[in-house]
Amino acid sequence: MKFAIITHVSHVQSADQYFGYAPFIREMNIWIKYVDEVIIVAPLTIRETTAIDIEYKHNQINFIQVPVFSFTSFATILNSVFKLPLIISRIFVAMKNADHIHLRCPGNMGLIGCFVQILFPNKVKTAKYAGNWDAKSKQPWTYKLQRYILTNTFLTKKMQVLVYGDWDDQSKNIKPFFTATYSQFEKEIVQKQYFVQKVEFIFVGTLVVGKNPFYAIRLVEQLVKKGKNAILNIYGDGMQREVLEQYIEKNQLQNFIFLKGNHDKLTIKKAYQKSHFVLLPSQSEGWPKAIAEGMFWGCVPIATNVSCVPYMLNFGDRGILLKMNLDYDLTQIEEILNNEQTFFSKSRLAIEWSQKYTTDFFDAEIKKILL
């Protein structure tokens, strides 16, 4: 089987291997276990690999490079118009030569892929929609357009669309799905220490406005001001790092807030294991891996009420759903900090739920789709 991946994820070439964002590549390595040849249509950048890059594990990869483009402003749209003929032609060739077409959505490449796949009604296809599938949520017009094409079974034929969450009134090609990070073999009993010396919070994600790391800092800052011995370890990097550094220095939070930068999977795993809470006050998510990963290791999740997060937290039984009101959210957190039984109950429920979603289970579900 020739398997074509259409994605906006930027890749790096080193010798004859292709690297990219580890969570994405790690998932795709499960998909491509079951195919003979892989065709990847994606941007390729010239840079050094980092701690969050890993390589594809397959010996038959045909990489088709496309230029980076976007539709975020009038200037970028105008610039992209000149690139589109080349991008469309390369996606078309990849789809023509493939036995199975796989789109990664939402994203600019996913958008173009949604249009081009219409020309191949008889080919088997899948789309992984890794964003928020909630039709009522506020989203860019390009996301809504992709959603419309994917759910329109007249335009989109022979495709399974994998989405996060189980939503009402869906077209017949929509399949509720999930993602996973850890294997069955990695499962272990996590013994959390109660807050005898300190309470540890962890944030894992890109440091951008959408992930809202600043709100995570504000929460822990207020807990410290109230006399709690709390610390926040922030793993990730991004455009907001300098702003966060300045805020931490200005407010003398260096002993409580720590910007750790990007790290590999093992380092993050150990950080989850010693943390009490995982924080993610994000504006929009699909299936937030940071929350599922933290829960796997017994962290009580504190996250915004977006996408399938309420389902993941069982509407608050397994964690805290943020209202994005500082006083209200602090009260929610303090109630758990002051009640040992509540903390350990939520931690246990988090483990029981998250450890169902292993890479072994994910692998078995992908195999059903492909074979």
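Somewhere in region 302-325, is a residue over 20 Å from Phe203 (Cβ atoms) and charged (D, E, K, R)?
yes
Within the set of pairs 6 or more residues apart or between chains, which connect a residue that is over 15 Å from Ile64 (Cα atoms) and at pLDDT 95 or above inside region 97-117 to a residue that is among the basic types (Lys, Arg) and not in a strand (DSSP E or B) with Cβ atoms less than 7 Å apart?
none
Would you call Gln146 assigned by TED's automatic domain parsing to the domain that holds Lys175 and under 18 Å from Val41 (Cβ atoms)?
Considered against the rule, which asks whether it is assigned by TED's automatic domain parsing to the domain that holds Lys175 and under 18 Å from Val41 (Cβ atoms), Gln146 comes out as yes.
Among the residues of region 85-98, how many are surrounded by 14 or more Cβ atoms within 10 Å (Cβ to Cβ) and out of contact with any helix residue (DSSP H, G or I) (no Cβ under 7 Å at 6 or more places or on another chain)?
4
Kindly list the number of the only condition in (1) assigned by TED's automatic domain parsing to the domain that holds Ile336; (2) of a type in the set (Ser, Thr, Tyr); (3) at pLDDT 95 or above; (4) assigned to a loop (DSSP other than H, G, I, E, B) that fails for Tyr194.
Of (1) assigned by TED's automatic domain parsing to the domain that holds Ile336; (2) of a type in the set (Ser, Thr, Tyr); (3) at pLDDT 95 or above; (4) assigned to a loop (DSSP other than H, G, I, E, B), only one is false for Tyr194: (3).
Which one of Asp317, Asp329, Asp360 is crowded, with 20+ Cβ neighbours inside 10 Å and modelled with pLDDT of 95 or more?
Working: Asp317 fails: crowded, with 20+ Cβ neighbours inside 10 Å; Asp360 fails: crowded, with 20+ Cβ neighbours inside 10 Å.
Matching residue, one of Asp317, Asp329, Asp360: Asp329.
What do you reckon, is Thr156 over 16 Å from Cys308 (Cβ atoms) and in a strand (DSSP E or B)?
Judged against the criteria, Thr156 is not a match.
From Ile234, Ile302, which residue is out of contact with any Gly (no Cβ under 8 Å at 6 or more places or on another chain) and β-branched (Val, Ile, Thr)?
Working: Ile302 fails: out of contact with any Gly (no Cβ under 8 Å at 6 or more places or on another chain).
Result of the check over Ile234, Ile302: Ile234.
What residue, among those in region 21-55 that are within 19 Å of Ala127 (Cα to Cα), assigned to a strand (DSSP E or B) and not β-branched (Val, Ile, Thr), is modelled with the lowest pLDDT?
Tyr21
Select, from Ile61, Ile46, the only residue that is surrounded by fewer than 15 Cβ atoms within 10 Å (Cβ to Cβ) and without any contact (Cβ under 8 Å) to a residue 60 or more places away in the chain. Even if it seems obvious, please write down each step before you answer.
Values: Ile61 fails: surrounded by fewer than 15 Cβ atoms within 10 Å (Cβ to Cβ).
Result: Ile46 is the single residue among Ile61, Ile46 that is surrounded by fewer than 15 Cβ atoms within 10 Å (Cβ to Cβ) and without any contact (Cβ under 8 Å) to a residue 60 or more places away in the chain.
Is it the case, given these coordinates, that Lys158 is crowded, with 22+ Cβ neighbours inside 10 Å, under 23 Å from Thr179 (Cα atoms) and touching a strand residue (DSSP E or B) at 6+ places or on another chain (Cβ under 9 Å)?
Numbers: crowded, with 22+ Cβ neighbours inside 10 Å: no; under 23 Å from Thr179 (Cα atoms): yes; touching a strand residue (DSSP E or B) at 6+ places or on another chain (Cβ under 9 Å): yes.
In short, no.
Evaluate region 224-236: report whether one residue or more is under 15 Å from the mean Cα position of the chain (by Cα) and under 22 Å from Ser307 (Cβ atoms).
Within region 224-236 (the criterion being under 15 Å from the mean Cα position of the chain (by Cα) and under 22 Å from Ser307 (Cβ atoms)), the answer is yes, since at least one residue qualifies.
Sort out which residues of region 197-219 are touching a residue at least 40 places away in the same chain (Cβ under 8 Å) and either outside the structural domain of Gln332 (by TED's automatic domain parsing) or among the β-branched types (Val, Ile, Thr) (or both), and write them in order of number.
Val199, Ile202, Val204, Val209, Ile217 - these are the residues of region 197-219 that are touching a residue at least 40 places away in the same chain (Cβ under 8 Å) and either outside the structural domain of Gln332 (by TED's automatic domain parsing) or among the β-branched types (Val, Ile, Thr) (or both).
Report yes if some residue within region 232-240 is of a type in the set (Asp, Glu), surrounded by fewer than 16 Cβ atoms within 10 Å (Cβ to Cβ) and not in a helix (DSSP H, G or I); otherwise report no.
Among the residues of region 232-240, not one is of a type in the set (Asp, Glu), surrounded by fewer than 16 Cβ atoms within 10 Å (Cβ to Cβ) and not in a helix (DSSP H, G or I), which makes the answer no.
Select from region 311-357 the residues that are without any contact (Cβ under 8 Å) to a residue 12 or more places away in the chain and outside any helix (DSSP H, G or I) and write down the one among them that is nearest to Ser183 (Cα to Cα).
Going through the qualifying residues, I end up with Lys356.
I'm trying to understand the selection: among the residues of region 108-125, which are under 20 Å from Ile30 (Cβ atoms) and surrounded by fewer than 21 Cβ atoms within 10 Å (Cβ to Cβ)? Step through it out loud before you land on a result.
Just the residues of region 108-125 that are under 20 Å from Ile30 (Cβ atoms), to begin with: 110, 124-125.
Residue satisfying the conditions is Val124 alone.
On the basis of being more than 22 Å from Gln273 (Cβ to Cβ), modelled with pLDDT of 95 or more and not polar (S, T, N, Q), does Lys368 make the cut?
On the way: more than 22 Å from Gln273 (Cβ to Cβ): yes; modelled with pLDDT of 95 or more: yes; not polar (S, T, N, Q): yes.
Yes.
Go through Lys250, Lys270 for me and flag whichever is under 20 Å from the mean Cα position of the chain (by Cα) and among the charged types (D, E, K, R). So that I can check it myself, show each step before the final result.
Working: Lys250 fails: under 20 Å from the mean Cα position of the chain (by Cα).
Answer to the check: Lys270.
Might you let me know whether region 208-221 holds any residue that is touching an Asp or Glu at 6+ places or on another chain (Cβ under 9 Å), outside any helix (DSSP H, G or I) and within 22 Å of Asp53 (Cβ to Cβ)?
Within region 208-221 (the criterion being touching an Asp or Glu at 6+ places or on another chain (Cβ under 9 Å), outside any helix (DSSP H, G or I) and within 22 Å of Asp53 (Cβ to Cβ)), the answer is no, since none of the residues qualifies.
Could you figure out which of (1) under 27 Å from Glu245 (Cα atoms); (2) touching a helix residue (DSSP H, G or I) at 6+ places or on another chain (Cβ under 6 Å) isn't true of Thr181?
For Thr181, the exception is condition (1).
Among the residues of region 222-231 satisfying the criterion of being without any contact (Cβ under 8 Å) to a residue 40 or more places away in the chain and outside any helix (DSSP H, G or I), which is nearest to Phe256 (Cα to Cα)?
Quick first cut of region 222-231, residues without any contact (Cβ under 8 Å) to a residue 40 or more places away in the chain only: 224-225, 227, 229-231.
With the extra rule that they be outside any helix (DSSP H, G or I), the set shrinks to 227, 229-231.
Working: Gly227: 12, Asn229: 8, Ala230: 7, Ile231: 4 Å.
Among them, the one singled out is Ile231.
If you go through region 1-20 one residue at a time, how many are under 18 Å from Ile87 (Cα atoms) and either outside any strand (DSSP E or B) or not hydrophobic (A, V, I, L, M, F, W, C) (or both)?
5
The values are calculated or read from the model by the stated rules, or taken from the named source; none is laboratory data. Keep in mind that this is a model prediction, so the values were computed, not measured. Please note: Cβ atoms are built from the backbone with ideal geometry, for glycine as well, and neighbour counts cover all protein chains shown.
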